[in-house]
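Q: Quick one: this structure, given as structure tokens, is what I'll be asking you about.
Readers should treat all values here as calculations from the given coordinates under stated rules, not as data from a laboratory. Not measured: the values here are computed from a predicted model. Here the Cβ positions follow ideal geometry from the backbone for every residue, glycine too, while neighbour counts run over all protein chains shown.
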Amino acid sequence: MQKQIEFIALGSSGLIGNFKPGDRARVPATLAAHLVDEAKVARYADAPPPAEFKVDAPVRENVEQATRRIRKTKG
């Protein structure tokens, strides 16, 4: 049986490739359970978002800030 999940984190899997928050995938139920319950990188697509799930700043902005910080320390 297949389950549809929505990713809430950035990552990669050998079976499904790269993913980012908001991406959706239809996967076998056992893989969905692993990604949702164990890895905590996804939620079931039909489930409401958890109360604490809120993105304050776009991921791209956070990456750019980290890149600038790293470049400053390397001189």
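Q: Going by how many other Cβ atoms sit within 10 Å of their own, how do 38, 6, 64 line up, fewest first?
A: Working: 38 8, 6 18, 64 11.
With the fewest neighbours first, 38, 6, 64 line up as 38, 64, 6.
Q: Could you put 73, 67 in order, starting from the residue whose Cβ has the fewest other Cβ atoms within 10 Å? Don't skip to the end; give the middle numbers.
A: Values: 73 6, 67 10.
By the 10 Å Cβ count, ascending, the order reads 73, 67.
Q: Next question. Return 23, 37 ranked ascending by Cβ neighbour count within 10 Å, so the fewest neighbours appear first. Could the numbers behind the result be given before it?
A: Values: 23 16, 37 9.
Exposure proxy ranking, most exposed first: 37, 23.
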